[in-house]
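Structure first, commentary second.
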Amino acid sequence: MTLALAHRSLGAQANQFIMRQRIHAHLLLIATALELAAAAGCAWNPVTRRPQLVALTERQEVAYGRQALADLERGESLAAESPALELVRRTGAGLADLAPGSRYPYAFFVLDDPKPNAFGLPGGVVLVSRGLLLVFNDVDELAGVLGHEIGHVAARHASSRLVWSIPSDILGRLARSAVGVVSRATGDSLGVSVPRLLMAPYERDLEREADLVGVVLAASGGYDPAAFGRALTRLAAIAPSRTDERSAMLASHPPTEERLQVIDLMAAQLERGPRQSTDAWLPVLDGLVVGPDPKNGLLLDGAAVFPSLAVRVALPPEWTHVNSERQFVAVAPGGRAVLQLVATTAREAERAQAALAKEPGFAGLAPLPAPVDWQVTHGVVRHGAADETTSHWYWLARQAIRLELTATWPTNEDEARVADGNRIVASLRALTPAELGDLRVLRLRLESALAGESLTGLAQRTGSAWSAEELALYNGLSVDAPLAAGRMVKVARSEALFP
């Protein structure tokens, strides 16, 4: 069944599950289309077979997506090569060959992010996070999510959304009629954002379009088209149990009952094509890091620790410390000062120093006394008068290692606060072999169940950091059901970071 035929045949049945009225938003779009056409182009949506407004040409979309990808690469946000990444690429490439619309140069990557998420950039770059991979139990679920993101790309949703960033001189003239049509209750509120009102109902339509593409591509590739709904349901169940894994994906892909019903309805109507892949999913997950990767940095006894660099830096003990992967932030009591410490490269350090030299209030670069084997370059920028702020930059170098420390505080406190920066620099030291040996990481491992074994028993036997309830959620099992002999179960186990 082609995508266009699927859209026509499934649309009437799916609409009975869609409770919200969309006619008001569509009327408003028609009313504004002529004026918006002067600021945005018109294209043909290959999913709906209807015209749509877009802000970018296809060539611009590709350039936009590739630039975003380059930014992710510079920030070391992409996961390294692995069997899981290889399978994501193979599965995505097979689905992309079946995608509707333009032949974008699709490329698939894994984000080194512990939070479950997935998104498609304009022009064909599709990313899934490491945290989301751990949620899947088979390739079919992966295919459903990849197909959904391909749907966003193929239908040019990102470019369509950018239309609403057009300066609001056109839309502003329609404010009163817009709020009156979309919501009578807010008809008298002149502070309402017209683009937001337009997007509120339309965003749900974009998700439904991507859902349609996802299930059709999955079925066409020989995968179970209902698997996407299973993955969303499991993700929603996991997130409340582990607040550290609550993700933006649930906000942008809410698994509402209505949406899941529509996905199941569409999936039931589709015939599967020849299977694109016979790859097993669980084996490629073995060894993936669960949660934040300690190699990207961790807080330990009041110090910022960079395990991959074998370096530690002491932070002010009375300050509040926050570790976001690859960077550390420390905030002074009362929020009067803030420090940021990140690992960088020699090239990036040179660029930062050159950019700093162009800043108003730049006071020059100078070497500072440093611990043995280290070199420290110090720069200062004073922002405004004495009641404003001063920022200090410290670039710390030893062989190939580069760290960047940024400190900002009120200018009138500069003399006293500089001592904090100097103490941090003086605390630099290498990690000892014993300290490196004590570092731990949580990894996903596969364990074979014993006949009749409970999840509680398996968790105890294997040393799983996940409880029986969490094992049930991640593996799609009932927490009380006995396991069959040989059933492979995903567990999370604490292991030495450097075995």
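Within the set A337, A354, the sole residue that is surrounded by 14 or more Cβ atoms within 10 Å (Cβ to Cβ) and either of a type outside the set (F, W, Y) or touching a Leu at 6+ places or on another chain (Cβ under 8 Å) (or both) turns out to be A337. Residue selection: G421 satisfies the criterion of being surrounded by 20 or more Cβ atoms within 10 Å (Cβ to Cβ) and either at pLDDT below 95 or not aliphatic (A, V, I, L, M) (or both). Here region 132-166 is the region considered, the condition is being modelled with pLDDT under 90 and assigned to a loop (DSSP other than H, G, I, E, B), and the residue that is surrounded by the fewest Cβ atoms within 10 Å (Cβ to Cβ) is I166.
Residue count for region 56-77, restricted to those that are over 19 Å from I150 (Cα atoms) and either outside any helix (DSSP H, G or I) or not charged (D, E, K, R) (or both): 5. Do we find that D414 is surrounded by 14 or more Cβ atoms within 10 Å (Cβ to Cβ) and within 21 Å of D301 (Cα to Cα) in this structure? For D414, the condition - surrounded by 14 or more Cβ atoms within 10 Å (Cβ to Cβ) and within 21 Å of D301 (Cα to Cα) - is not met. No other residue among W393, W409 is out of contact with any Gly (no Cβ under 8 Å at 6 or more places or on another chain), at pLDDT 90 or above and among the aromatic types (F, W, Y) apart from W409. Residue count for region 86-117 satisfying the condition of being outside any loop (DSSP other than H, G, I, E, B) and either in contact with a Gly (Cβ under 8 Å, 6 or more places away or on another chain) or closer than 19 Å to L282 by Cα (or both): 15.
Show me the helices (runs of 4 or more DSSP H) found entirely inside region 394-499 where at least 1 residues are farther than 30 Å from P367 by Cα.
433-438, 455-462, 468-475
The lone criterion from (1) farther than 30 Å from A370 by Cα; (2) crowded, with 16+ Cβ neighbours inside 10 Å; (3) not aromatic (F, W, Y) left unmet by E404 is number (1).
Of the residues L450, L458, which is modelled with pLDDT of 95 or more, out of contact with any strand residue (DSSP E or B) (no Cβ under 7 Å at 6 or more places or on another chain) and surrounded by 13 or more Cβ atoms within 10 Å (Cβ to Cβ)? The match here is L450. For region 454-466, the condition holds for no residue, the condition being that it is of a type in the set (D, E, K, R) and under 15 Å from N137 (Cβ atoms). Within region 400-434, the residues that satisfy the criterion of being without any contact (Cβ under 8 Å) to a residue 12 or more places away in the chain and closer than 19 Å to L309 by Cα are T432, P433, A434.
The values are calculated or read from the model by the stated rules, or taken from the named source; none is laboratory data. Since this is a predicted model, take the numbers as computed values, not measurements. A quick note on method: Cβ atoms are made from the backbone with ideal geometry, for glycine too, and the neighbour counts reach across all protein chains shown.
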